[in-house]
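*Asks:* Dropping the structure in here first, questions after.
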Amino acid sequence: MSNTVLILGGRGRFGRNAADAFKARGWEVRQFDRKSENLWDAAWGADVIVNGWNPLYPDWAAQVPKLTRQVIEVAKSTKATVILPGNVYNYGADAPSVYGVDTPHGAKNPLGRIRIEMEAAYRASGVRTIVLRAGDFIDTQASGNWFDMMITPKIGKGIFIYPGNPEIEHAWAWLPDLARAAVDLAEMRDDLPAFADIPFPGYALTGRELCAAVEKAYGQPLRLKKMNWLPIRIARPFWPMAKHILEMRYQWNKPHRIDGATFNNFLPDFEYTPLAQAMPLAVGVK
C-alpha cells in the first residue's frame, strides 16, 4: 500500500518539484485546490502534508498565521506529518555566517519574525513537523525567484546581474535535490524528532562563482553587473512589494552558508546534483 502526500501550493516552486519527486518514488500525490476543495476533506488519509503555500510578501502578516493554524488543526486531527520548506530569514542580519540547527533565530525584521512565529507554532503544536531549511532556490524553469527574475534575465545580452557583494558566499538550493530530500525524510519520518529542523546545505557560492557557473552553462562570456536598487527604492511608496524586497536586501551583503552536518547525519548517502549538471537546466540549455 503506497503512502499518500497532500501538496499545498502545488503550482509553486517547491510544491511543483515536491509533487514530481513524491510521484517518482511511488507515492500517491494529491494536489489541493484552495478554490474548490475543503482542506479537512482533502487531507483525510494523507500520511504527509507538504505545506508549499507561500503568499506574496505583502500578504505574509495577514495570511501566514491563518494558514499555519489551518494546517496545524488538520494535521492534529489526521495525524499527518507536515513538511515545511524553511528558509534562512529566521536568523537575521546579526547572525553568524554559518547557519545550523543551533543558530539562534534572532531576526528582528518583520518577515523574519513571521517565519520565527510560524515555526514556533508548529513546534508548540505537537504536530510531527519537518522543517527542511534552504537558501534561495534555483529551479528547472523560470518560476519567479531571484535567480530567474533578477540575476539571469539578461544573460542573452551577455549580462549577469548580481544583487549584492559578489565576493561573499550566498546559500542556494537546487530544487529537484531539495524535493528528493523531502521524500527521503518523509519516508523516515517516524525515526525523526517530533519537530525536526533540518538545514539543507545545497550550494554556497560567491556571486562571481555563480556567474562563472552560469557562463559555462550558457556557453558565452558574461559581464557581472551589480544590481541597481534605486528603482525599487523609488517604487516603495507605490508598490507594496518594494519595502519587503528592501527589507531582505541584507541577505545579499551578508556572507552565509548552511551547515550540512545535521542533514548529512540523517541522509549520509544523499547524492547532491553537481552544479555543472544543474546549471544548464536552470538557464534553459538542453
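Where a number appears in this text, it was derived from the coordinates with a stated rule and is not lab data. Please read all numbers here as calculations on a predicted model, not as lab measurements. Here the Cβ positions follow ideal geometry from the backbone for every residue, glycine too, while neighbour counts run over all protein chains shown.
*Asks:* Can you sort 20, 190, 33 so the residue with the fewest Cβ neighbours within 10 Å comes first?
*Replies:* Ordered from fewest to most neighbouring Cβ atoms within 10 Å, 20, 190, 33 come out as 190, 33, 20.
*Asks:* Sticking with this one: Could you list log10 I(q)/I(0) for the chain at q = 0.10 Å⁻¹, which the Debye formula gives when each Cα is one point scatterer?
*Replies:* Per q value, in the given order, log10 I(q)/I(0) is -0.53.
*Asks:* Set the Förster distance to 45 Å, then compute FRET efficiency between residue 69 and residue 208 from the Cβ-Cβ distance, nearest 0.05.
*Replies:* Result of the calculation: an efficiency of 0.55.
*Asks:* Where the eigenvalues come from the Cα gyration tensor of the stretch 116-182, what are the semi-axes √(5λ) of the equivalent ellipsoid, largest first, in whole Å?
*Replies:* Result for the stretch 116-182: semi-axes of 31, 14, 10 Å.
*Asks:* Which of the lysines could a cross-linker bridge to residue 23, judged by Cα under 27 Å and excluding same-chain residues fewer than eight apart?
*Replies:* Those lysines meeting the cut-off are 35, 76, 79, 286.
*Asks:* Taking one equal scatterer on every alpha-carbon of the stretch 201-286, how large is log10 of I(q)/I(0) by Debye at q = 0.10, 0.15 1/Å?
*Replies:* Debye intensities relative to I(0), on a log10 scale: -0.42, -0.84.
*Asks:* Further question: Taking Cα pairs under 8 Å and at least six residues apart, what relative contact order does the chain come out at, in percent?
*Replies:* Reported as a whole number, the value is 20 percent.
*Asks:* Are there GluC sites (Glu not before Pro) in the stretch 126-203 that DSSP puts in a loop and that have at most 14 other Cβ atoms within 10 Å, and which ones?
*Replies:* 167
*Asks:* Using only the Cα atoms of the stretch 123-264, what semi-axes does the equivalent ellipsoid have when each is the square root of 5 times a gyration tensor eigenvalue? Give whole Å, largest first.
*Replies:* Output for the stretch 123-264: semi-axes of 31, 20, 13 Å.
*Asks:* Nearest 20 debye, what's the magnitude of the dipole of the chain about its Cα centre given +1 on Lys and Arg Cβ and -1 on Asp and Glu Cβ?
*Replies:* 1160
*Asks:* How would 271, 215, 117 line up from fewest to most surrounding beta-carbon atoms within 10 angstrom?
*Replies:* So the ranking, lowest neighbour count to highest, is 271, 117, 215.
*Asks:* I'd like the trypsin sites (Lys or Arg not before Pro) in the stretch 47-103 restricted to DSSP loop residues with at most 13 other Cβ atoms within 10 Å, sorted by number.
*Replies:* Answer in residue order: 79.
*Asks:* Same structure, new question: Considering the dipole of the stretch 4-282 built from charges on the beta carbon (Lys and Arg +1, Asp and Glu -1) around the Cα centre, which of 7, 264, 159 is farthest to its positive end?
*Replies:* 159
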